[in-house]
Structures are given as structure tokens and as C-alpha cells.
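Enquirer: Got a structure for you, written out below as C-alpha cells; questions coming shortly.
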Amino acid sequence: ASAGEVLVSAGGGGAGGRLMAVALAARRLGCLAGAPWRLLAGASLSAAEFAALQGEAPGGVAVERFRADFPALLRRCRVSVSQAGYNTVLDLVAARVPSVLVPFSAGGETEQPVRAEHLAVCGAAELVREDELTAATLAAAIERAAARRPAALAIDAGGTHRSARIIARLLDRRDLVSGGGDGMIAQ
């Protein structure tokens, strides 16, 4: 990946086809046309949609399924455009990259919109709601994101270790209350 590229990613879900198509349309409008673009369409996009994206991509736009080095690509990109999946958002916050989030909200989904709205309010990302997604709205958000550095967020990534300690303490207390035993929890 070249430094300064626009990195558009759909994650592992199958709902990113529209985001990919609209991103290509934003690029055709001239959005950061001097920068290289990379679209990571994901494994779940149909073969026909993937082939169409590849066929429609102008020069300077690479279309790929997946990259194992996604976190490294994020650290070097100029702007990231993605949905607001949990893993992707953690990668974005860690990389502190200018970001545009287009959260998946079909079927009443609220997890991604809530996450994306929170990041937008904190100044860590630009937000384009799925029902407002057009080439023009996406291009404007990409240009806003590219023009500034996102706010740094303090994320506590020690939850796994803290949870294990809490569970161990609870099991120890239960062992004390039950008078010993083998530490197994009755089913």
C-alpha cells in the first residue's frame, strides 16, 4: 500500500457491496482523485459483484478481496472508509487514522450506528448514515476526514485479563462459601 491512499473496506460481512459501489462513484466525482485508492471488498461479496467492481475501477484504484496486513494498511492510509464493525473500529482507533464510517443499519441493526455516532461525536470519525449514502455525501465526508487528524481516544484493551481475574475471584469466593471441593461449578 502506498502512503496516502484511500482505503475502503467492507469487513467480513456481505453488506458492503453498496459501500464499494458508492465509493467508486465518489472517486469518479473527483474525490481525492490524485491519491491511490484500494477497495477491500471482503470474502462475502458475490463473485459477480466483485468482478463488476474490478471492471468499473478506474486507473489508480485497486480492488481486492482481503488483506492480511489490514492494520498496517490502516496505519499508512490517508483516509479509511468502512462500516463500523467492532474489529474494524478498534483497528481504526488504534491506528488513529482519519476515518469515514458508514454503519450497517438494515433490518433495524443498531450496534454499528451507535458505535459510529459515538466516534463522530468524539471527533474520531466522520459519519455518513446508510440512508444518506450517495457519491456526493461520501465524497464530502472523505474530504473532511482527509483535512484533519482524528481525536485520540483512550481505549481500555485489557478487558480480557480483567474479566479473567474477576471470574477467578468469584470462583475463589464460591469455593470458600461451599467449603472447598474441586473448584468445579455444579451444572
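Enquirer: Please state which one of R96, R27, R78, R38 is modelled with pLDDT of 95 or more, closer than 20 Å to R149 by Cβ and of a type in the set (D, E, K, R).
Expert: R78
Enquirer: Another question, if that's okay. Only one residue in V81, V97, V22 is part of a helix (DSSP H, G or I), buried (at least 17 other Cβ atoms within 10 Å of the Cβ) and in contact with a Ser or Thr (Cβ under 8 Å, 6 or more places away or on another chain), so which one is that?
Expert: After ruling out the rest, the residue left standing is V22.
Enquirer: Please give the number of the condition E143 fails out of (1) open to solvent by 70 Å² or more (accessible area, probe 1.4 Å); (2) farther than 18 Å from G85 by Cα; (3) free of Cβ contacts under 8 Å to residues at least 60 places away in the same chain.
Expert: Answer for E143: the failing condition is (3).
Enquirer: Tell me the residue from P150, P103 that is open to solvent by less than 20 Å² (accessible area, probe 1.4 Å), touching a helix residue (DSSP H, G or I) at 6+ places or on another chain (Cβ under 6 Å) and part of a loop (DSSP other than H, G, I, E, B), please.
Expert: Result: P103 is the single residue among P150, P103 that is open to solvent by less than 20 Å² (accessible area, probe 1.4 Å), touching a helix residue (DSSP H, G or I) at 6+ places or on another chain (Cβ under 6 Å) and part of a loop (DSSP other than H, G, I, E, B).
Enquirer: Regarding region 109-123, can at least one residue be identified that is surrounded by 18 or more Cβ atoms within 10 Å (Cβ to Cβ), in contact (Cβ under 8 Å) with a residue 40 or more places away in the chain and assigned to a helix (DSSP H, G or I)?
Expert: No: region 109-123 contains no residue that is surrounded by 18 or more Cβ atoms within 10 Å (Cβ to Cβ), in contact (Cβ under 8 Å) with a residue 40 or more places away in the chain and assigned to a helix (DSSP H, G or I).
Enquirer: I would also like to ask the following. For a quick check of your reading of the model, give me the residue pairs whose first member lies in region 41-68 and is over 16 Å from V22 (Cβ atoms) and open to solvent by 60 Å² or more (accessible area, probe 1.4 Å), whose second is outside any loop (DSSP other than H, G, I, E, B) and modelled with pLDDT of 95 or more, with beta-carbon atoms closer than 6 Å and at least 6 apart or on different chains.
Expert: The qualifying pairs are Q54/V63.
The values are calculated or read from the model by the stated rules, or taken from the named source; none is laboratory data. The model shown is predicted, which means the values in this text are computed figures rather than measured ones. Heads up, the Cβs are rebuilt from the backbone with ideal geometry, glycines too, and the neighbour counts pull from every protein chain shown. Quick note on the areas: whole protein, heavy atoms, side chains included, nothing else; ligands and nucleic acids left out. Shrake-Rupley method; radii C 1.70, N 1.55, O 1.52, S 1.80 Å.
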